[in-house]
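J.: This is the structure, below, for whatever I ask next.
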There are 2 protein chains.
Amino acid sequence: MAKIPYRFYLTEEQLPKQWYNLRADMKEQPAPLLNPATLKPVTKEDLTPVFCDKLAGQELDGETRYIDIPEEIQEMYKIYRPSPLCRAYNLEKALGTPAKIYYKFEGNNTSGSHKLNSAVAQAYYAKEQGLTSLTTETGAGQWGTALSEACAYFGLDLNVFMVKGSYEQKPFRRAVMQVFDGKVIPSPSNTTEVGKKILAEKPNTSGSLGCAISEAVEKATLTPNCRYVLGSVLNQVLLHQSIIGLESHKAMEILGEYPDVVIGCAGGGSNLGGLLSPFMRDKLNGSRPNTRFVAVEPASCPSLTRGKYAYDYCDTGKITPLAKMYTLGCGFIPSANHAGGLRYHGMSPIMSKLYHDGYIEAVSYEQTKIFDAAVMFAKYETILPAPESAHAIKGAIDEALKCKESGEEKTILFGLTGTGYFDMKAYMEYLEGKMTDYIPTDEDLQRGFDSLPKID
Amino acid sequence: MAKIPYRFYLTEEQLPKQWYNLRADMKEQPAPLLNPATLKPVTKEDLTPVFCDKLAGQELDGETRYIDIPEEIQEMYKIYRPSPLCRAYNLEKALGTPAKIYYKFEGNNTSGSHKLNSAVAQAYYAKEQGLTSLTTETGAGQWGTALSEACAYFGLDLNVFMVKGSYEQKPFRRAVMQVFDGKVIPSPSNTTEVGKKILAEKPNTSGSLGCAISEAVEKATLTPNCRYVLGSVLNQVLLHQSIIGLESHKAMEILGEYPDVVIGCAGGGSNLGGLLSPFMRDKLNGSRPNTRFVAVEPASCPSLTRGKYAYDYCDTGKITPLAKMYTLGCGFIPSANHAGGLRYHGMSPIMSKLYHDGYIEAVSYEQTKIFDAAVMFAKYETILPAPESAHAIKGAIDEALKCKESGEEKTILFGLTGTGYFDMKAYMEYLEGKMTDYIPTDEDLQRGFDSLPKID
């Protein structure tokens, strides 16, 4: 057989034309979202004032196995997809492992990450419904950038509520969104009632993601022909991100490969959920029962490894529906010294259910270890990874080192979600030896758990 | 015929295994470099104290048409190549042009530009010769980043003299080099005699590229097993960059296409020289006599459009060999308000000769026009271009608009050399309406010409 290439690209004809909806093959469905007012399962009618109709439908659809990707979305995917399936020959050699390491690299687009896959879909459905604008929130800025690109492409206005601290510290991220005509508003702002209220109470606050979500939702519901969109956690987002896994599955099939273990970083779960979906399908239907799945999370924000499986709000402002998920409590505040973007208190309900049912493993690492892996990876594979993505790298390296010890020639597949060009401040801290680790104490976690709603 | 894809990638087997040396097909050779001490054509012996032996040989070789790419270089190329040949369907639609616009995108690697193509080659030859370290200078930082990556890969030490102003203003660029173990030294520094001398005279200077070159050359010649390398202008660099053109040529052949016009930005000439080489070959041998070639340069640093064809130093410090080239004079200082990285006073001798003999056209644009084009391109093609690359975009847009007027269905190919992630300061200036243009007066130019050595 010909040597497997360093970079393998599907042709346009080979690109997936349908997303895969993993829920349709799960033995048990994830628990439904609850309406925060009634504590009853949300209906489509509950969701459509905030989300587009089609997206609300996808959010609640646990049955349709494959969903056609609309032509217009396929066309935009073709501008930056397929992403390459990469064989990490140099990393393998450096580690001296018999394992074969593959990674699916989602960073070769201007948003710098996989987030664009769902942004394109959400912007398209908004356009299709005749809406004229969207709102969202962004912390580090990757999601806001992806959505700005998608809205520019489909001709939608966009208001991005950017956590004020990030807005001030990351002017370059903000500028990228502005290139794509995204209106970036530091949150809290005086453009919303909730923002004004917070500003009145704490004029000097640097904001929070919870506050930014509240502002974005208020703005969406009060603006004609406008809806709110979210970049992770939701079922619809995992559906769109299945493109990552479907491309990987197809590429490996062509190369005559299949992963023994699939690894991804896990913040809200959108990347790993997308990457693993067709491989989990094969596990669930018994055709590939032995595949392992590993979620890698930061020790500073360990929702799977140390969280509780419980109903919780998706935001710190407690205005969203409740999801049953692994969570540290919507009041949990990750340490500010944490460099990565995986600082979400919860986890996708789909991923949470699979983890709870024993289909997925989870590990956590401290951030200095993550940056050790990131720098090693950059040198051998010449890609500067995002700190989030480096969690998956670290997970893959450790699996490969286990193979070195056992002599097993396992096939490892991990998701390299994005690039670190806008994370150089964290890299500098690491290079200068100033980066510290933080592991929440049991007391820290208890304070988060105390914020959980009393429902179960 | 099947629709041409948005992104077309050659397979690994289709990648070029030889570079193409355009000099071998030129009717007249570019004038030789002159030894600055003797004013006689430089010999290989003149060059080897500064350059690796193999690279000195390539610099002087006007005869060998195709040069094998060593296996080890091919292997590293495969980590980030092929670069995609992209069809700008969305830009075409937005312009309403009948023209077909293609671009070869070299930005999908961590160095963010085509510079890596020559950095890999130069680092490999150094390693092969048994050298242990290299030195270079960098202004904006792209070349330094590319060389850091290549040196990390081949296990060479690297000292990068970075113009002090850039070093202080661009800590993130510096950090990327440091991730790849590049030692970045603000220039002028007290690590060299020439640096000490300059610091004694001007303790507060922010440095210059000329000074950084002088320091890098001194450091290379005084360090055992060390050589100096340069990222543009030189014949050897254009040879390595022919990979861009060869891949483009092959991809277009497979797609059944051939460009009517080939467009590139031109600073030192490495990108355009590499892109055009096989198409210029076809023009020179008469098989494709009608192809046009357009160099696009900034109005603020117009070496082709307003410079003189004369012998000049390659550096402002006047320590390098003299090259016959289009030049503004080695004493020409481009305006500091110029955002792009095309601020070199001269131009590759090969490109200069082709321009002088009428094979290449040149145009220049003011930078606000360049950023208009950059932002438009980003929105339709979802790639945030480097300001340098945006010169080629602007050239291509104007050619496409001419086609719109004439109704001609021309095929346009341009080089998209890199991404603008580290140029957000310039984008912010533009977005905030603070960017200004600068066109040197005839008096400004005359001051530069006055610095030309009296030789011809």
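J.: Give me the strands (runs of 3 or more DSSP E) completely within the range B:51-132, filtered to those with at least 3 residues that are away from chain A (no Cβ under 11 Å), ordered by residue number.
T.: Working: elements: B:66-68, B:85-87, B:100-105.
Because the criterion is at least 3 residues that are away from chain A (no Cβ under 11 Å), the strands (runs of 3 or more DSSP E) in the range B:51-132 that meet it are B:66-68, B:100-105.
J.: Restricting attention to the range A:148-175, and to residues there that are within 21 Å of the chain's Cα centre (by Cα) and polar (S, T, N, Q), which single residue is nearest to the other protein chains (Cβ to nearest Cβ)?
T.: A:148
J.: I'd like to check something: does the range A:420-442 contain any residue that is surrounded by fewer than 22 Cβ atoms within 10 Å (Cβ to Cβ), within 19 Å of residue A:306 (Cβ to Cβ) and free of Cβ contacts under 8 Å to residues at least 60 places away in the same chain?
T.: Yes.
J.: Is it the case that some residue within the range B:229-247 is surrounded by fewer than 24 Cβ atoms within 10 Å (Cβ to Cβ), in a helix (DSSP H, G or I) and in contact with a Cys (Cβ under 8 Å, 6 or more places away or on another chain)?
T.: So far as the range B:229-247 goes, no, none of its residues is surrounded by fewer than 24 Cβ atoms within 10 Å (Cβ to Cβ), in a helix (DSSP H, G or I) and in contact with a Cys (Cβ under 8 Å, 6 or more places away or on another chain).
J.: Do we find a residue being surrounded by fewer than 21 Cβ atoms within 10 Å (Cβ to Cβ) and of a type in the set (Gly, Ala, Ser) anywhere in the range B:200-217?
T.: Yes, the range B:200-217 has at least one match.
Let's see how each residue does on (1) within 14 Å of chain A (Cβ to nearest Cβ); (2) under 14 Å from residue B:254 (Cα atoms); (3) in a loop (DSSP other than H, G, I, E, B); (4) at pLDDT 95 or above:
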site	(1), (2), (3), (4)
B:1	yes, yes, yes, no
B:5	yes, yes, yes, yes
B:10	yes, yes, yes, yes
B:19	no, no, no, yes
B:23	no, no, no, yes
B:30	no, no, yes, yes
B:36	no, no, yes, no
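J.: For the range B:168-182, which positions are more than 18 Å from residue B:157 (Cβ to Cβ) and part of a helix (DSSP H, G or I)? Spell out the reasoning first.
T.: We begin by selecting, within the range B:168-182, every residue more than 18 Å from residue B:157 (Cβ to Cβ); these are B:168-173, B:175.
Correct list: B:168, B:169, B:171, B:172, B:173, B:175.
J.: Continuing with the same structure: Tally time: how many residues in the range B:395-429 are within 14 Å of another protein chain (Cβ to nearest Cβ), in contact with a Gly (Cβ under 9 Å, 6 or more places away or on another chain) and not in a loop (DSSP other than H, G, I, E, B)?
T.: Taking the range B:395-429 and keeping what is within 14 Å of another protein chain (Cβ to nearest Cβ), we get B:416, B:418-429.
Those still in the list that are in contact with a Gly (Cβ under 9 Å, 6 or more places away or on another chain) too: B:416, B:418-423, B:426-427.
Checking the rest, the ones that are also not in a loop (DSSP other than H, G, I, E, B) come to B:416, B:418-419, B:426-427.
The number of residues fulfilling the criteria is 5.
J.: Tell me which residues, restricted to the range B:38-50, are more than 26 Å from residue B:131 (Cα to Cα) and part of a loop (DSSP other than H, G, I, E, B). Even if it seems obvious, please write down each step before you answer.
T.: In the first step, residues of the range B:38-50 are kept if they are more than 26 Å from residue B:131 (Cα to Cα); the result is B:38-41.
Within the range B:38-50, B:38, B:39, B:40 qualify.
J.: Criterion first (outside any helix (DSSP H, G or I) and aromatic (Phe, Trp, Tyr)) does residue B:377 satisfy it?
T.: no
J.: Take the range A:12-28 and flag every residue that is in contact (Cβ under 8 Å) with a residue 40 or more places away in the chain, surrounded by fewer than 18 Cβ atoms within 10 Å (Cβ to Cβ) and out of contact with any strand residue (DSSP E or B) (no Cβ under 6 Å at 6 or more places or on another chain). Full working, then the answer.
T.: Here is the first cut: in the range A:12-28, the residues in contact (Cβ under 8 Å) with a residue 40 or more places away in the chain are A:12, A:14-28.
If we keep only those that are surrounded by fewer than 18 Cβ atoms within 10 Å (Cβ to Cβ) too, we end up with A:14, A:17-18, A:24-25, A:27-28.
Those that are in contact (Cβ under 8 Å) with a residue 40 or more places away in the chain, surrounded by fewer than 18 Cβ atoms within 10 Å (Cβ to Cβ) and out of contact with any strand residue (DSSP E or B) (no Cβ under 6 Å at 6 or more places or on another chain): A:14, A:17, A:24, A:25, A:27, A:28.
J.: While we're looking at this one, here's another question. Given the criteria within 14 Å of chain B (Cβ to nearest Cβ), buried (at least 18 other Cβ atoms within 10 Å of the Cβ) and of a type in the set (Gly, Ala, Ser), does residue A:392 qualify? Walk me through it before giving the result.
T.: Working: within 14 Å of chain B (Cβ to nearest Cβ): no; buried (at least 18 other Cβ atoms within 10 Å of the Cβ): yes; of a type in the set (Gly, Ala, Ser): yes.
No, not satisfied.
J.: So which of A:257, A:215 ends up being acidic (Asp, Glu), assigned to a loop (DSSP other than H, G, I, E, B) and either more than 19 Å from residue A:124 (Cα to Cα) or modelled with pLDDT of 95 or more (or both)? Give the derivation first.
T.: Details: A:215 fails: assigned to a loop (DSSP other than H, G, I, E, B).
When all the criteria are applied, what remains is A:257.
J.: Scanning for something within 20 Å of residue A:394 (Cα to Cα), part of a helix (DSSP H, G or I) and at pLDDT 95 or above, does the range A:305-312 turn up at least one residue?
T.: Yes, that holds for at least one residue.
J.: Could you list, in sequence order, the residues of the range B:154-165 that are surrounded by fewer than 24 Cβ atoms within 10 Å (Cβ to Cβ) and at pLDDT below 95?
T.: Those that are surrounded by fewer than 24 Cβ atoms within 10 Å (Cβ to Cβ) and at pLDDT below 95: B:164, B:165.
J.: At negative phi, within 14 Å of chain A (Cβ to nearest Cβ) and surrounded by 24 or more Cβ atoms within 10 Å (Cβ to Cβ): does that describe residue B:182?
T.: Details: at negative phi: yes; within 14 Å of chain A (Cβ to nearest Cβ): yes; surrounded by 24 or more Cβ atoms within 10 Å (Cβ to Cβ): yes.
Judged against the criteria, residue B:182 is a match.
J.: Are any of the residues in the range A:281-294 assigned to a helix (DSSP H, G or I), in contact with a strand residue (DSSP E or B) (Cβ under 6 Å, 6 or more places away or on another chain) and modelled with pLDDT of 95 or more? Please lay out each step first, then the result.
T.: The initial filter retains those residues of the range A:281-294 that are assigned to a helix (DSSP H, G or I), namely A:281-284.
Among the residues that remain, those that are also in contact with a strand residue (DSSP E or B) (Cβ under 6 Å, 6 or more places away or on another chain) are: none.
Scanning the range A:281-294, I find no residue that is assigned to a helix (DSSP H, G or I), in contact with a strand residue (DSSP E or B) (Cβ under 6 Å, 6 or more places away or on another chain) and modelled with pLDDT of 95 or more, so the answer is no.
J.: Within the range A:430-455, how many residues turn out to be within 23 Å of residue A:266 (Cβ to Cβ) and either within 14 Å of another protein chain (Cβ to nearest Cβ) or over 25 Å from the mean Cα position of the chain (by Cα) (or both)?
T.: Total satisfying the criteria: 6.
Residues are listed down the side, and each one gets a yes or a no for (1) buried (at least 23 other Cβ atoms within 10 Å of the Cβ); (2) away from chain B (no Cβ under 14 Å):
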position	(1), (2)
A:265	yes, yes
A:271	yes, yes
A:312	yes, yes
A:329	yes, yes
A:346	yes, yes
A:356	no, yes
A:359	no, yes
A:379	no, no
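The values are calculated or read from the model by the stated rules, or taken from the named source; none is laboratory data. All of these numbers come straight from a predicted model, not from anything done at the bench. Virtual Cβ from ideal backbone geometry, glycine too; neighbours counted across all protein chains shown.
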